[in-house]
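Everything on this sheet refers to the single structure shown next.
No lab work stands behind these numbers, since they all come straight from the coordinates. Every value quoted in this text rests on a predicted model; they were computed, and no experiment measured them. Using ideal geometry, Cβ is built from the backbone for each residue, glycine included, and neighbour counts are taken over all protein chains shown.
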Amino acid sequence: MENTQTTARRTIAFVILALAVISVAYLASPGFRAGRQGTPPDLAGGLERDNRMLGEADLERLFPDIVLRAAKGNEKIIALTFDDGPDDVYTPAVLDVLKEKQVRATFFLIGNRVEQYPEVTRRIIEEGHLIGNHTFTHPNTGKPLGEQLRNELERTEKALAAFGVSPSYLFRPPYGALTAPAAVEVANMGYRLALWSIDSLDWRGLSKEEVLNNVIPHIAPGRVILQHSAGGPGEDLSGSVQALPEIIDYLRQQGYTFVTMDQMFPLPVQAEAANCP
Ligand SMILES: [Zn+2]
């Protein structure tokens with residue numbers, strides 16, 4: 001009995017001592033002192049709010065009204081999308097497949113490439129594909145660009161206007177990343193953020209089989225597939241081009257139909273009505 005009481009007393013004493021140590025540590029901590037002694041030094045890279053790179057999932061959570069990643073519902077529709085074109089190697093090869101299979105897709109074009117490859121741009125338009133804005137120079141939009149972002153979008157609009165088309169209301173940020181202020185700004189310009197729900201990861205120079213493995217298991221109604229129709233210098237997209245006819249055939253067998261992103265995500269009726277004369 002005596003022993004039990006002694007043990008209990010020792011335990012209580014230990015707990016009190018531990019609490020005292022934790023309290024002293026907390027009072028001495030940087031967080032507590034900063035709160036008591038005014039504003040901490042500036043963050044060298046700027047505020048988290050202004051600088052944090054937001055990926056696809058974050059953007060969807062923060063801006064559900066302007067982010068397009070997958071259609072709701074069970075309708076068996078799929079949107080094929082191709083980034084970074086045009087070029088004169090892979091984009092024509094992608095167009096050949098789409099023509100043969102009679103599929104309309106959405107191309108997110110880079111403005112300076114539109115100017116460099118007018119023939120391929122014209123072919124994309126003539127063959128009935130939808131064009132989205134993917135900036136003029138493909139900067140990293142995950143970092144704050146200030147005025148440059150608006151400029152990038154407007155220069156691409158201008159480059160496309162020379163062909164008599166506009167880049168729809170679809171903006172796909174390079175690397176799928178954007179800062180929060182930039183997301184608000186492009187929304188104010190009338191754009192929606194056209195992201196994706198299936199990433200082929202073809203930009204890694206994957207084989208046909210690898211591209212198929214990144215796409216087929218993720219197929220579901222309303223998904224948007226991301227592939228590329230051009231790369232950077234030395235990038236090999238031949239696996240992606242080879243996978244394309246098999247992706248299309250598989251989807252058709254499964255009963256899917258192909259839509260462009262503006263068909264998948266029509267603007268609200270009142271917005272369209274406002275554009276009517
Ligand atoms: Zn890109």
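Assorted remarks:
- Gain on full stretching of the segment that runs from VAL15 to LEU47 - 0.36 nm per residue minus C-alpha separation: 7.5 nm
- Put in line by how crowded their Cβ is, counting other Cβ atoms within 10 Å and starting with the fewest, HIS218, HIS129 read HIS218, HIS129.
- Our helix-only sum for the chain, with -39,500 (n - 2.57) per DSSP H run of n ≥ 4 divided by its residues, gives a mean residue ellipticity at 222 nm of -14000 deg cm²/dmol.
- Simple Cβ-charge dipole of the stretch 54-265, Lys/Arg +1 and Asp/Glu -1, about Cα centre, in debye nearest 20: 480 debye
- The tail of the calculated P(r) for the chain beyond 33 Å holds 34 percent of all Cα-Cα pairs.
- Selected from MET189, GLN227, TRP203, residue furthest toward positive end of dipole (the stretch 170-229; charges at beta carbon): MET189
- With a Förster radius of 35 Å applied to the beta-carbon distance between ARG104 and ASN140, the computed FRET efficiency rounds to 0.70.
- With the charge dipole of the chain set up from +1 on Lys and Arg Cβ and -1 on Asp and Glu Cβ about the Cα centre, the Cα lying farthest toward the positive end among the listed residues LEU212, VAL67, PRO266 is that of VAL67.
- Length gained on full extension, HIS218 to ASP65, computed as 0.36 nm times the residue gap minus the Cα-Cα distance: 52.7 nm.
- Whether the stretch 118-277 is rounded, prolate or oblate, judged on the alpha carbon gyration tensor where a/c under 1.5 counts as rounded: prolate
- Count of lysine pairs in the chain with Cα separation under 29 Å (8 or more residues apart, or interchain): 9
- What the Cβ-Cβ distance of ASN188 and ALA57 gives, at R0 = 22 Å and to the nearest 0.05, is a FRET efficiency of 0.45.
- Of the residues ILE198, ILE124, ILE216, ILE22, the one with the fewest other Cβ atoms within 10 Å heads the list, and the complete ranking is ILE22, ILE216, ILE198, ILE124.
- Cα long-axis angle, helix 2-27 against the chain (0 to 90 degrees, to the nearest 10): 50 degrees
- Legend: ranking of residues SER200, SER207 from fewest to most surrounding C-beta atoms inside 10 Å; resulting order SER207, SER200.
- Dipole of the stretch 29-134, positive end: most advanced residue of ASN112, ALA93, GLY55 [Cβ charges, Cα centre]: GLY55
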